[in-house]
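The values are calculated or read from the model by the stated rules, or taken from the named source; none is laboratory data. None of the values given here were measured: they were computed from a predicted structure. Ideal geometry is used to build each Cβ from the backbone, glycine not excepted, and the neighbour counts take in all protein chains shown. Ligands, DNA and RNA are excluded from the accessible area calculation, which covers all protein heavy atoms including side chains. Shrake-Rupley method; radii C 1.70, N 1.55, O 1.52, S 1.80 Å.
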Amino acid sequence: MSTMARPVISAWSAVSPYGIGAGPFSDGVRSGRTTAAPLDTVRWQVPAGDAHLVPDFEVRQVLGKKGTRSMDRVTGLAVTAVGGLLEQPAADRERETGDRAALVLGTTTGSVASMMDFTRSSLVGDRPFDVDPAQMPNAVMNCAAGQCAIWYGIRGPNTTIAGGRTASLAAMSYATRLLASGRAESVLCGAAEEFSSARYWLEHHSRESGGGPALGEGCAMLLIQPADACSPERPALAEILSVKSRVATGADLAATLEACVRSALAAADVAAEDVWAASVSAAPGPAGTTEREVLASVVGDRALGRMPSVDALGDVSAASGAFQIAMVLAAAEGNPEAAGQPVVATSVDRDGSLSCAVLQLGA
């Protein structure tokens, strides 16, 4: 291992189909219980079936009525998850908010429901400009990140990264560059995905097989800081050794993903046989099968078997990578075998974008 100081993850939070907060998430990961539940077809206007929704999540009930009248679901999920991170007893609000704190949020498109509703209202109204101006901010994909910054006074760089299933790891890479360049002293980094009828129908019509896992939703956030910013209250849970990305074209997915994983391991100075655990993004269809086969061929089935699969949360798309990291941290907590071990997480999107992160778990 290189002795050069690298950024670390010192805290995390989650709003997931297991519930709101890191506690319910950790309990759910360890129990391995399913999160699928029948959909309310009247509310969501979709056919009967299952989905992995955050239980009892209503924005105004969770966050209160002030400032939430026009807040959409993905923004509510993100604001709740950021609050869960900053309101932990060990939080250092002076360092984790303010001018030297940044926020990086991964997404697919923001709230596709808000975008489609706003567009529809301009088409069905008496005149194209007969739209609700309060809904317009929701129709831009950086709305959720902006609202998180406003709610909690995060005045440093505020970035939204739209990268589909690879958005979480792309956000992590961006966060490490913000720290390396001195643009921020701490970064709240994660990704969010909402369930909506608009997303349901887009996925239904765009998936290659027309099937695939039921949709899920949620938001996971990581606190990424320089190693010397850690404290006994916020210890280093994992060191970020490397994050690499590539793009596969045509039939080159397997070879390109293997090259991406091996380049990330080389940059981290970690041998493939030393990887203790590995996590895949469980992409729908053949891409997900290829992802698992490639990772198994590089690090072995045993490493894959040590981590629960993120598809326990359903298809959480852009949030999958952030949830993968949260699952790794939750599964490693209290496990003496995990201390100091290297782990790998991969993301594969159907457009051919690939990412791989290598972490070293804290002692």
Matching residues in segment 147-173 - criterion: being closer than 19 Å to E94 by Cβ, of a type outside the set (A, V, I, L, M, F, W, C), open to solvent by less than 30 Å² (accessible area, probe 1.4 Å) and without any contact (Cβ under 8 Å) to a residue 60 or more places away in the chain:
G153, G156, P157
Pick from segment 98-131 the residues that are touching a residue at least 40 places away in the same chain (Cβ under 8 Å) and assigned to a loop (DSSP other than H, G, I, E, B): which of them is surrounded by the fewest Cβ atoms within 10 Å (Cβ to Cβ)?
D99
Give me the pairs: first residue in segment 224-247 and without any contact (Cβ under 8 Å) to a residue 24 or more places away in the chain, second residue part of a loop (DSSP other than H, G, I, E, B), beta-carbon distance under 9 Å, and six or more apart or on different chains, which are they?
P232/A90
Considering each of R183, R177 in turn, give the residue that is at pLDDT 95 or above, part of a helix (DSSP H, G or I), open to solvent by 20 Å² or more (accessible area, probe 1.4 Å) and among the basic types (K, R).
R177
Which residues, counting only those in segment 331-357, are surrounded by 24 or more Cβ atoms within 10 Å (Cβ to Cβ) and under 19 Å from the mean Cα position of the chain (by Cα)?
V343, V344, A345, T346, S347, V348, L354, S355, C356, A357
Residues being open to solvent by 40 Å² or more (accessible area, probe 1.4 Å) and among the polar types (S, T, N, Q): count how many of those fall in segment 253-267.
0
Selection from segment 289-330 of residues that are crowded, with 24+ Cβ neighbours inside 10 Å and on the phi > 0 side of the Ramachandran plot:
G314, S317
Residue in segment 240-252 that is farthest from V358 (Cα to Cα), counting only those that are crowded, with 19+ Cβ neighbours inside 10 Å and among the aliphatic types (A, V, I, L, M)
A248
Give, as residue ranges, the helices (runs of 4 or more DSSP H) completely inside segment 55-97 that count at least 1 residues that are surrounded by 24 or more Cβ atoms within 10 Å (Cβ to Cβ) and out of contact with any strand residue (DSSP E or B) (no Cβ under 8 Å at 6 or more places or on another chain).
73-86
Pairs only if they're at least six apart or on different chains, beta carbon under 9 angstrom, first in segment 178-198 and in contact (Cβ under 8 Å) with a residue 40 or more places away in the chain and within 15 Å of V8 (Cα to Cα), second of a type in the set (D, E, K, R) and open to solvent by 10 Å² or more (accessible area, probe 1.4 Å); list them, first residue then second.
L179/E185; A184/R100; E185/R95; E185/R100; S186/D92; S186/R95; S186/R100
Let me spell it out: the conditions are (1) over 21 Å from A191 (Cα atoms); (2) part of a loop (DSSP other than H, G, I, E, B), and V294 meets all of them except one. Which number is the exception?
(2)
